[in-house]
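Working notes, structure below.
The values are calculated or read from the model by the stated rules, or taken from the named source; none is laboratory data. As the structure is a prediction and not an experimental result, all values here were calculated from the model. Cβ placement follows ideal geometry from the backbone for every residue including glycine, while neighbour counts extend to all protein chains displayed. The accessibility values were calculated without ligands, DNA or RNA, using every heavy atom of the protein model including side chains. Shrake-Rupley method; radii C 1.70, N 1.55, O 1.52, S 1.80 Å.
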Amino acid sequence: MQTRYLYILKYLLPITDLIMVNIVYFFAFEFTSYLGKQVSSELQWHYVVVCNLIWIVCTTTFGLYTEYGARRIERIYRGTWKSVVLHAVIFSFYLFFSKQNDFSRSFLVIFYGLLGMVFLINRFVGTSFQFLLFNHLRAVKSVAILGNNATGTHLASYFEKQRYIEFHGFLEIDNEDYFDLDGQLSDSVRNQLEIAVNKNIKDIYVTIAPERMGDITLLTLEAERQCVRLKFIPDISGTLLSPFTITYLGNEFPVISLRPEPLEKINHRFKKRLFDVVFSTLVFVFLLSWLIPLIAIIIKLESKGPVFFMQNRAGRNNEIFKVFKFRSMTVTEGDAGFKQATKNDARITKVGAFLRRTSLDELPQFLNVLLGNMTVVGPRPHPLKLNDQYNEIIDRYMVRHFVKPGITGWAQVNGFRGETDEPGKMEKRVEYDIWYLENWSTMLDVKIIFMTIFNMAKGEENAF
């Protein structure tokens, strides 16, 4: 819920911050010169644009000016200091490399020292203003709930946690019914609406069962007559046991989804695909361009057979594609003859054991990423025989195929990789894969990549 305070704060905060950064920047330049310290004249105008751009990037990175970031004062403090520190690092490196050591360190010390003090004072004033606003001027939105059911209880717990909302509790009605035996609006509902008006409550949230939605006309007319705004929330908690989200089709038809899927949004899929292409291209240019020939030579020297191993896998929407891997065994089994690798498997070559332990055997799958069959981070693709086996015994197993399979994944970096000799291990892998699907973000992908690199460096017990 966005209040007027949040709306104003979301736009006022970045403007005032940017003004402060520029004032402090020019003051630090003049003050450094006044102290007789050497400072390049180019700093005065040539780099102020860069300084501002870096500030915008830093605050965007930490979501300082988003509604989520501005909703709590502690998030504003945390986002501010993170942005200042990151700005200091990036701007210092920029000046260092652009001037070949010919830049004023005194300017940087004065600039960031003053900037820190100014932000400290600014945030203190902001905190004091917020305290005055909400504790003395009562600049909050007053709301109440009509309908004491499971959905209403859940909604109440949400309102009680919100800083910018004054929750007046439930409006009590007789027998929890909005209408009398004649189908007219009950007197208790009318009385409660009058009480809400007297308490200056302007928004009343009504939690009502879907089958009763046709009866809301009289309720709406009475509320409007008393100048009260009603907002209806369908009480479907008893019908749907799992968490759900509601979106709208063409602004007309409410659509209930039983799980959040960030990657169903086209802008999120575009960001993930762009990240995949850029990251995979960099890996090919700086790593695989020389590592693939080296590993290929070593594989050929140890055993006969192809360098690459290709096998069918099921991808997004269960579509079949061929996955690329470095050959790590003396045999290359087809889909029908697939047998999962086990610890001390005699089929694994010495080079293959090293490749598997360090996950280097997966590197050719960056070609699959560029072809669009796979993504850098996602649920690991299983052989078709394994898919058929576990689809019969594990609920929600195929949910992991709602997204593209990945070279690495949330389940893998949390230790659920390697042989799945019992259903419990695969159940945990599926649980982690579904959690990733429901909680995807670009930063989560970056985190998983770093965790994968760390695991590759130390080696993994289950990688065989």
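List of remarks:
- Probe 1.4 Å - accessible area at K325, Å² to nearest ten: 30
- FRET efficiency estimate (nearest 0.05) - Cβ-Cβ, H268 to F308, R0 41 angstrom: 0.80
- Volume of the Cα convex hull of segment 363-437, divided per residue and given in Å³: 88
- In a simple Cβ point-charge model (Lys, Arg +1; Asp, Glu -1; nothing else charged), segment 344-430 has a dipole of about 260 debye relative to its Cα centre.
- Vicinal HN-Hα couplings computed from phi for segment 423-430 (Karplus, 6.51 cos²θ - 1.76 cosθ + 1.60; Hz; Gly/Pro x): x, x, 5, 5, 4, 5, 4, 5
- Which of W410, W290, W435, W45 is most accessible, then next, and so on - probe 1.4 Å: W45, W290, W435, W410
- Solvent-accessible area of K82 with every protein chain in place, 1.4 Å probe, in Å² to the nearest 10: 100
- Backbone phi angles across segment 283-292, fed through the Karplus curve with coefficients 6.51, -1.76 and 1.60 (θ = phi - 60°), yield HN-Hα couplings of 5, 5, 5, 9, 10, 6, 4, 10, 6, 4 Hz in residue order; Gly and Pro are listed as x.
- Near the amide H of S186, within less than 5 Å, lie the amide hydrogens of F179, D180, all on another chain or at least 5 residues away, with H placed in the peptide plane.
- Candidate cross-link partners of K37 among the lysines, defined by an alpha-carbon separation under 28 Å and a same-chain spacing of 8 or more, comprise K99.
- For the residue pairs K271/K304; K272/K428; K82/K161; K304/K385; K82/K271; K322/K425, alpha carbon separations beyond 32 Å are given by K271/K304.
- Placed amide H near T375: partners under 5 Å, 5+ positions off or other chain: G406, I407
- Along segment 306-316 the Karplus relation, 6.51 cos²θ - 1.76 cosθ + 1.60 evaluated at θ = phi - 60°, assigns HN-Hα couplings of x, 6, 9, 10, 10, 8, 5, 9, 9, x, 4 Hz to successive residues, with x for each Gly and Pro.
- For F309, the amide hydrogen comes within under 5 Å of the amide hydrogens of K325, F326, R327, counting only partners 5 or more places away or on other chains and with H modelled in the peptide plane.
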